[in-house]
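Visitor: Take a look at this one; I'll ask things after.
The values are calculated or read from the model by the stated rules, or taken from the named source; none is laboratory data. Please read these numbers as outputs of a predicted model, since none were measured by experiment. Cβ coordinates were reconstructed from backbone atoms using ideal geometry, including for glycine residues, and neighbour counts include every protein chain displayed. For the accessible areas, the whole protein counts, side chains as well, though only heavy atoms, and no ligand, DNA or RNA atoms are used. Shrake-Rupley method; radii C 1.70, N 1.55, O 1.52, S 1.80 Å.
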Amino acid sequence: MGTVFEYLSEVRARRGAGYLVLLDPDRLPPEALEQRAVAAAEAGADAILIGTSLMFSASRNAQTFARLRARVQIPLIGFPGDAGQVAPGADALLFLSLISGRNPELLIGQQVRAAPLLKEAGIEVIATGYMLVESGSLTSVEFMSGTRPIPRHKCDIAMAHALAARYLGMRLVYLETGSGAGAPVPDEMVRAVAEYAELPVIVGGGIRDVQTARAKVEAGAGYVVTGTVVEEDQGRLRELSAAVHIKG
Ligand code: 1GP
């Protein structure tokens, strides 16, 4: 069996881009999370991300992985706000370093705490350069991380960060405006980063409609993440999946 990273690469090659659905274990009751995950898989989502900026219940987080594992076949990928969110049951984890910030705790501190736990649990780790981009309003991730986002029209700054991520050996770049953000990462920044850094780019934050999702893929996103829109209305899953999968 291949790795989750290989699976994600294959998805990108076969479908043009991958569609990832983010579920926040604190935001919905367990039954609703299960329902969303099953609906996401049926609608053609390629993987489920599980995580949050500020976790309220470690046991609910762990249970979420266990419950969803029993219901869906697509990979469950941890998307942790900190080391406390490492849960056995994840197929893989985005090993995030908040490279757009200058907070050492989120550049390396939490990673050091998480590493032994990941080894013990045998979870596949995908090193990911996580870049917070200004959305026009203060998001949870900006507040909780205590970092300043990259100005949304400074593509050169984003490009240099992404290239540094690649030179540091990271395998993905995640361009993020934050969950529930008022605006997504601009298309021109997605394009500039994808072309310059030559790393697969995940784009998330504030994507709520098919036109926006498709525009990110056309700009060069390898993966598109939606969270809030699907929490609010799982009926949108199919159209979002179709919009991201440009190869049909
Ligand atoms: C947040 O990118 C994700 O990390 C998803 O954001 O909830 O705005 O879709 P939304």
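Visitor: Give the ranking of 245, 153 by solvent-accessible surface, highest area first, calculated with a 1.4 Å probe.
Guide: Output order, biggest surface exposure first: 153, 245.
Visitor: Toward the positive end of the charge dipole of the chain, about the Cα centre and with charges on Cβ (Lys, Arg +1; Asp, Glu -1), which of 220, 77, 170 goes farthest?
Guide: 170
Visitor: Still on this structure, please answer the following. Straight-line reach only, C-alpha to C-alpha below 18 angstrom: list the lysines that residue 216 could link to, leaving out same-chain residues fewer than 8 apart.
Guide: 154, 247
Visitor: How many percent of the accessible area of the stretch 4-244 is carbon or sulfur, using a 1.4 Å probe?
Guide: 54 percent
Visitor: Still on this structure: Once you place label points 7 Å from the Cα toward the Cβ at residue 70 and residue 148, how far apart are they in nm?
Guide: Reported label-point gap for residue 70 and residue 148 is 4.9 nm.
Visitor: Which value, in debye to the nearest 20, gives the size of the charge dipole of the stretch 203-248 about its Cα centre, when Lys and Arg are +1 and Asp and Glu are -1 at the Cβ?
Guide: Computed charge dipole of the stretch 203-248: roughly 200 debye.
Visitor: Comparing 171, 71, 152, which has the greatest mean-square fluctuation in the GNM of the chain with Cα pairs linked when under 10 Å apart?
Guide: 71
Visitor: Further, regarding this structure: Which cross-chain or sequence-distant (5 or more) residues have an amide H under 5 Å from the amide H of residue 18, H modelled 1.01 Å from N in plane?
Guide: 223, 224
Visitor: On full extension of the chain, what length is gained from residue 35 through residue 56, given 0.36 nm per residue of separation minus the C-alpha to C-alpha distance?
Guide: Between residue 35 and residue 56, full extension yields 5.5 nm more.
Visitor: Report the charge-dipole magnitude of the stretch 4-244 in Debye, nearest 20, computed about the Cα centre from +1 at each Lys and Arg Cβ and -1 at each Asp and Glu Cβ.
Guide: That gives the stretch 4-244 a dipole magnitude of about 180 debye.
Visitor: Would you look at the GNM of the chain, springs on alpha carbons closer than 10 Å, and say which of 37, 164, 87 moves the most?
Guide: 164
Visitor: Sorted by accessible area (1.4 Å probe), largest first, how do 23, 28 line up?
Guide: 28, 23
Visitor: Would you work out which of 2, 22, 63 lies farthest towards the positive end of the dipole of the chain, given +1 charges on the beta-carbon of Lys and Arg and -1 on that of Asp and Glu, about the Cα centre?
Guide: 2
Visitor: Output wanted: per-residue J couplings in Hz (rounded whole) for the stretch 215-231, from phi through Karplus 6.51 cos²θ - 1.76 cosθ + 1.60, θ = phi - 60°, x for Gly and Pro.
Guide: Going residue by residue, I get 4, 5, 5, 5, 7, x, 5, x, 8, 10, 10, 10, x, 3, 4, 7, 4 Hz, with x marking Gly and Pro.
Visitor: Given the options 89, 222, 205, which has the most mean-square fluctuation in a GNM of the chain, springs set between C-alpha atoms less than 10 angstrom apart?
Guide: Checking each option, the largest mean-square fluctuation is seen for 89.
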